[in-house]
DNA sequence: GGGGAGAGATGCCGC
DNA sequence: GCGGCATTTCTCCCC
């Protein structure tokens, strides 16, 4: 009933009852834990925040930092085990072969509730928004750039924007919403290779443009050695436009 | 004092007091919010979990899913504003030019506490562990592979393992702890280019090996066309070894 | 389900 | 600070 540290039985009943009711559970507690799955991890004793959601995902947050340090994905199985001196919280996922075991040595406070939330985040300012913007404002690339229908794109893999210049040369544009690193020129190169092959065009007759707010020095060199050009385009967050929520 | 919905004043006092005491705060509440910064985002009304940590980061969790949908990084400034009908929670970061505004229309429950936690996660099974393992067990690559001191590596950028075969040819190994995709062969290529240049060696005299548990078909083709080889190495999680906690 | 690429990626380390 | 890269990355989209 009552241990030196805390009333284990009451908390175990509370946890099991809330799990059964598919409530969200948040616990402030002293605990230590191990993770085993895609990697192995351990965390020594300390006071932190445990979150169990109705979808059976598990999050462990330390009192600082943006990210959970230990976690299990939705669909895991949760068990609460009475170890007399402490509570053992086991979360296991047979399909993913993952396991977390948390030794809870003291519960500071616990909060449980059913939460109703059907809303989805609506985001604007993605790379897709940026390429849409370029498609609608081709003069950002150059006076004579004429984008063509984007429908064809998926046939040759995902290409942000492509079209023709006044000489009739094919132009492929790769967008990056943040500073472009060394992978960007190589990605552009791969798209152009694929396009050249599938259209039966000489690869040297396709022009490549990397559009981004900035570019690292290394990436600039690579781009140049591949014969492509950089075009500075402001990140889409500053292109004030609306985007509809994703329905899903 | 008492609105139709909830006792705003009591909650505002509680929040301000806890913020002042640098406690961790978790709130179950009905809310809607917007984010503005590197992108723009909004989330319509719903019941969710708000977390405010002592380091002044902010997390918003919906009752499903592993990740926070709206967040602010540590060091942001938090303000609690009484709007009579609702509480406005503002988190702003001047340096990053980011802002979150949360309209809290109902508080279901709130939990605050000081949390003591100095522990750090100890992780094993990273790519670094994998390359260490290969360095210590070069026979995994081939009978005649001789790894050399890893001290030199940083001089030419980060190369997982490199050494010589019995003919004296330089061998560069790139490790991936999960299935290798198309970026892996290109990364290997970049390392070898850099190494060839800095050592004044003909690039064709350097052998490249991609070590990973598996590889996609595309990546295999790219690797072959670059003249490099794939070596199947099990992911490091299954190499049962110990790793010391990182001190930091 | 695999493959490929974006993300408000984040975080780490090295220069 | 930038740069390059790993991450138990996660997530989405498409084949």
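The values are calculated or read from the model by the stated rules, or taken from the named source; none is laboratory data. Fair warning: this is a prediction, and the values are worked out from it, not measured in the lab. Here the Cβ positions follow ideal geometry from the backbone for every residue, glycine too, while neighbour counts run over all protein chains shown.
Candidates in the stretch A:182-231 are the residues that are free of Cβ contacts under 8 Å to residues at least 40 places away in the same chain and in a loop (DSSP other than H, G, I, E, B); of these, the one that is nearest to DNA strand D (Cβ to nearest atom) is A:216. Kindly indicate whether any position in the stretch B:19-31 is more than 10 Å from chain A (Cβ to nearest Cβ) and more than 29 Å from the chain's Cα centre (by Cα). Within the stretch B:19-31, one or more residues are more than 10 Å from chain A (Cβ to nearest Cβ) and more than 29 Å from the chain's Cα centre (by Cα).
Matching residues to (1) more than 14 Å from chain B (Cβ to nearest Cβ); (2) at pLDDT below 95:
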| site | (1), (2) |
| --- | --- |
| A:199 | yes, yes |
| A:210 | yes, no |
| A:218 | no, yes |
| A:227 | yes, no |
| A:237 | no, yes |
| A:247 | no, yes |
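Only one of the listed residues (A:68, A:76) is within 16 Å of DNA strand C (Cβ to nearest atom) and within 30 Å of residue B:76 (Cβ to Cβ). That residue is A:68.
Results for (1) surrounded by fewer than 15 Cβ atoms within 10 Å (Cβ to Cβ); (2) more than 16 Å from DNA strand C (Cβ to nearest atom), shown as yes or no for each residue.
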{"position": "B:159", "(1), (2)": "no, no"}
{"position": "B:169", "(1), (2)": "yes, yes"}
{"position": "B:203", "(1), (2)": "yes, yes"}
{"position": "B:207", "(1), (2)": "no, yes"}
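Within the stretch A:94-119, the set of residues being under 23 Å from residue B:117 (Cβ atoms) and more than 10 Å from chain B (Cβ to nearest Cβ) comprises A:99, A:100, A:101, A:102, A:103, A:104, A:105, A:106, A:107.
The residue pairs whose first member lies in the stretch B:52-81 and is touching a residue at least 60 places away in the same chain (Cβ under 8 Å) and at the interface with chain A (Cβ under 9 Å from one of its Cβ atoms), whose second member is buried (at least 18 other Cβ atoms within 10 Å of the Cβ) and in a strand (DSSP E or B), and whose beta carbons are closer than 7 Å, counting only pairs six or more residues apart or on different chains, are B:54/B:24. Can you find a residue that is within 13 Å of DNA strand D (Cβ to nearest atom), on the phi < 0 side of the Ramachandran plot and away from chain B (no Cβ under 13 Å) anywhere in the stretch A:120-140? Checked the stretch A:120-140: no residue is within 13 Å of DNA strand D (Cβ to nearest atom), on the phi < 0 side of the Ramachandran plot and away from chain B (no Cβ under 13 Å).
Could you tell me which residue of the stretch A:93-133 is nearest to DNA strand C (Cβ to nearest atom), considering only residues that are closer than 20 Å to residue A:21 by Cα and crowded, with 18+ Cβ neighbours inside 10 Å? Checked the stretch A:93-133; the qualifying residue nearest to DNA strand C (Cβ to nearest atom) is A:117.
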